[in-house]
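Inspection log for the structure reproduced underneath, given as structure tokens.
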Amino acid sequence: MKTIRTYLARFPIVAAIGYLAVVAAFLAATWFHISDFLERSQLVAEANNILSHLEGRAPASSRANARGIPLGTGSPVLEGPTVTVAGAALLQRVAGAVTRVGGNILSSQVDLQGAQSKNGFVKVSVDCEVAQPALQQLLYDLEAGMPFLFVDQLVAQAPETTTNALSQKMRVSLLVSGQWQGVK
């Protein structure tokens, strides 16, 4: 200990450099802790924002898609006092999604007696005509909105002629299902 003191007394520049190195190390440690704290508080704020969206506390304007259609509003399951009413609500929801993208419904059928109907699922089979660029919008509208719907089957048939195929409508067959909670 005495040798270190005498050495630092003989060379004060070494003592000053050592002192500055210790202060710089403390400042660096403080900076790392503050930046870590700020990063964690930002992650907590983002998680709270996601939680508020999931719980439905966000303003309605922030829960709308690009076309202004509200997303995430309503019940996550099909509502209705009977499975027939729930099937009609499902058909109405699918038909509304098809018409919003400029499509035409050719035929539709509600399946209330399928294998999954015992688990509370109702299925709708829809044949429609949709423009090719609108198909992705249709699928997004069906699967992103409320109630939760699942596209179980999708069959798309391109137009017969190859000239100006984008302006012609494709024939699309959809099998869409949703869960009915039943009578409460």
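Every read-out reported here was derived from the displayed coordinates using simple, explicitly stated rules and does not represent laboratory data. Bear in mind the structure is a predicted one, so any value in this text is a computation, not a measurement. Positions of Cβ are backbone-derived with ideal geometry, glycine not excepted, and every protein chain shown enters the neighbour counts.
Could you tell me which chymotrypsin sites (Phe, Trp or Tyr not before Pro) in region 1-41 are loop residues by DSSP with no more than 14 other beta carbons within 10 angstrom of their beta carbon?
Filter output for region 1-41: empty list.
Once label points are set 7 Å from the Cα along Cα→Cβ at both Asp127 and Leu51, what is their separation, rounded to one decimal in nm?
5.1 nm
Show me 86-92, 42-48, 144-150 ranked by packing, highest mean number of other Cβ atoms within 10 Å first. Can you show the working numbers first?
Numbers: 86-92: 19.1, 42-48: 10.0, 144-150: 16.1.
Packing proxy ranking, top to bottom: 86-92, 144-150, 42-48.
Quick check: residue separation of Leu20 and Leu154 times 0.36 nm, minus the Cα distance between them. What number comes out in nm?
41.3 nm
Using R₀ = 41 Å, calculate the FRET efficiency as 1/(1 + (r/R₀)^6) where r is the Cβ-Cβ separation of Ala9 and Leu43; round to 0.05.
Step by step, r from the Cβ atoms, then E = 0.25.
Can you give the FRET efficiency to the nearest 0.05 for Ser107 and Thr82, using r as the Cβ-Cβ distance and R₀ = 25 Å? Could the numbers behind the result be given before it?
Values: r = 23 Å, r/R0 = 0.93.
It comes to 0.60.
Counting other C-beta atoms within 10 Å, which of Lys123, Lys169 has the fewest, and how do the rest follow?
Lys169, Lys123
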